[in-house]
Amino acid sequence: MEQSKLEIKEKIRAFWDNSRQNYDSVEAHGVHSESEKNMWRQGMEKLLGQNFHLKILDIGTGTGFLALMLAEMGYSVMGVDWAASKIEQAKEKALSSNIPVQFQVLDAEKLSIESNTFDAVVSRHVLWTLSDPYAASREWARVTKRGGKVIVDIPRMCSHSGSHHFGAEIGKELPFYNGADPQKVEEMLKAAGLSNIRTMMLDTSNEEDKRTLLVYGEKA
Ligand SMILES: C[S@@+](CC[C@H](N)C(=O)[O-])C[C@H]1O[C@@H](n2cnc3c(N)ncnc32)[C@H](O)[C@@H]1O
């Protein structure tokens with residue numbers, strides 16, 4: 001029987017909202033080396049600059065890797081995720097490391113945040129798991145201030161992440177379940193109303209096809 005979009009979304013949310021899931025210990029999810037973290041730090045600083053008063057929103061923050069790293073660098077950060085258990089873990093990490101981040105349970109495709117609020121919206125490892133990344137990126141552009149940036153990483157081509165995590169039935173309903181051609185992500189950000197769209201590579205792995213590609217665009 002065909003599953004409705006809402007049923008699919010709820011199954012994906014329930015998958016992530018599992019307090020027994022040890023997310024950070026999974027090789028492909030966590031950032032396990034200081035050098036990989038450094039690459040993220042340098043990449044973000046290059047794109048965001050050193051104005052540490054910037055307000056940044058980390059979408060699909062999970063256990064808070066990017067949000068905590070950006071806050072540690074000095075930016076003012078909010079991390080959102082629709083999985084309450086992930087937000088709890090992120091809050092615990094912030095508390096135990098004494099890093100100030102505001103965390104909140106919110107749907108990336110429908111943010112209850114006023115327009116033009118953040119200087120930058122970032123997301124890592126999220127696009128592939130969204131049932132409607134096009135609606136999501138319009139929301140991310142909406143909450144970005146004029147002159148601000150939306151920065152996303154590209155799900156690796158042929159990764160089959162959607163089917164691995166949720167099964168083939170659900171996987172095939174996700175536009176980027178099997179990765180995305182960078183050009184597709186660039187077109188998506190353009191359709192969301194962003195301009196000056198570019199792609200940047202982070203040297204996060206020795207293997208070239210495993211390096212992180214970031215696509216970013218500006219709100220005019
Ligand atoms: C692969 S994890 C990435 C977590 C984190 N960004 C990181 O880099 O470790 C994907 C995260 O996106 C979240 N997510 C997926 N769809 C979402 C949605 N519609 N709204 C909010 N969060 C969502 C999941 O709950 C999960 O925590």
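Here, each number is a calculation from the coordinates, and none is a lab measurement. Keep in mind the model is a prediction, meaning the values are calculated, not measured. Because the Cβ atoms are built from the backbone with ideal geometry, glycine has one as well, and the counts that use them run over all protein chains shown.
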Fewest-first sequence of Tyr177, Tyr134, Tyr23 by Cβ atoms within 10 Å of each Cβ: Tyr134, Tyr23, Tyr177
Cα-based Kirkwood hydrodynamic radius, the chain, one decimal, Å: 17.4 Å
A chain fully extended from Gln50 to Asp107 at 0.36 nm per residue, minus the present Cα-Cα distance, gains in nm 17.6 nm
Under Stokes-Einstein, with the Kirkwood radius over Cα pairs standing in for Rh, what whole-number D in µm²/s applies to the stretch 26-144 at 20 °C and 1.002 mPa s? 148 µm²/s
Could you size up the charge dipole of the stretch 1-73 around its Cα centre, putting +1 on the beta carbon of Lys and Arg and -1 on that of Asp and Glu, and report it in debye to the nearest 20? 200 debye
How far, in nm, would the chain grow between Tyr134 and His32 when pulled straight, counting 0.36 nm per residue and subtracting the alpha carbon separation? 33.7 nm
Taking neighbour Cβ counts within 10 Å as the exposure measure, how do Asp181, Asp203, Asp81, Asp119 sort from fewest upward? Asp181, Asp203, Asp119, Asp81
Reported to two decimal places, what Rg/Rh ratio describes the stretch 124-196 when computed on Cα atoms with Rh from the Kirkwood expression? 1.00
Positive-end extreme of charge dipole, the chain - chosen from Phe65, Ser163, Ser76 (charges on Cβ): Ser76
Extension reserve of the Ala84-Ser163 stretch, reckoned as 0.36 nm per residue once the Cα distance is removed: 26.1 nm
Return the long-range amide H neighbours of Val121 (sequence gap of 5 or more, or a different chain), with a cut-off of under 5 Å between placed amide H atoms. Leu57, Lys149, Val150, Ile151
To the nearest 20 debye, what charge dipole does the stretch 36-144 have about its Cα centre, counting +1 at the Cβ of each Lys and Arg and -1 at the Cβ of each Asp and Glu? 180 debye
Looking at the stretch 31-123, which GluC sites (Glu not before Pro) are DSSP coil and have at most 11 other C-beta atoms within 10 Å of their C-beta? Glu114
